Amino acid sequence: MDFDNSKPIYLQIVDFFYENILVRRWQDEERIPSVREVAVMVEVNPNTAIRAFNHLQELEVIYNKRGIGYFVSKDGYAKVLDIKRNEFKEQTLPDVFKQMRLLDVTFEEVKNLYDQHEKE
């Protein structure tokens, strides 16, 4: 996994989990890789991986069945979707809007580009 220096590694691992849940690679109530497996998979220290797991547990996206492993929560997909949609609205869109203003790009142009992209 290639890490971005502008964001803590454990949060980048959290994003890796989010993506796997959003593309339904990991379903609600499904067992997910262990802390050690994730640490090996993304080539990080297990302590960094456990920090990501703890963060996801605090958000109730995953839970631990003692002695069995970690699982996506019953409504994990819905929680992740809500988290990522809010992140998009609060963090990504303001930057996009700023760039649109600076570059004089209209919503119409963006819509046309979006429509073209969807056809591909």
Hey, how many Å between the Cα centroid of segment 65-107 and the Cα centroid of segment 1-43?
-> 15 Å
Lysine pairs in the chain with Cα atoms under 22 Å, if 8 or more residues apart or on separate chains = 14
Which one of D75, D104, D95 has the biggest mean-square fluctuation once the chain is modelled by GNM with Cα springs under 10 Å?
-> D104
Sort the following peptides by mean Cβ neighbour count (other Cβ atoms within 10 Å, averaged over residues), highest first: 2-8, 33-39.
-> 33-39, 2-8
From largest to smallest, what semi-axes in whole angstrom does segment 55-115 give when each is the square root of 5 times an eigenvalue of its alpha carbon gyration tensor?
-> 38, 12, 7
Checked against the structure, the computed Rg/Rh (Cα atoms, Kirkwood Rh) among (1) 1.30; (2) 1.51; (3) 1.08 is the one labelled (3)
Most fluctuating residue given options L11, L59, L102, as computed from a GNM of the chain linking Cα atoms under 10 Å | L102
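No value in this document is a laboratory result; all are computed from the given coordinates. Not measured: the values here are computed from a predicted model. With ideal geometry, Cβ positions are generated from the backbone for all residues, glycine too; neighbour counts draw on all protein chains shown.
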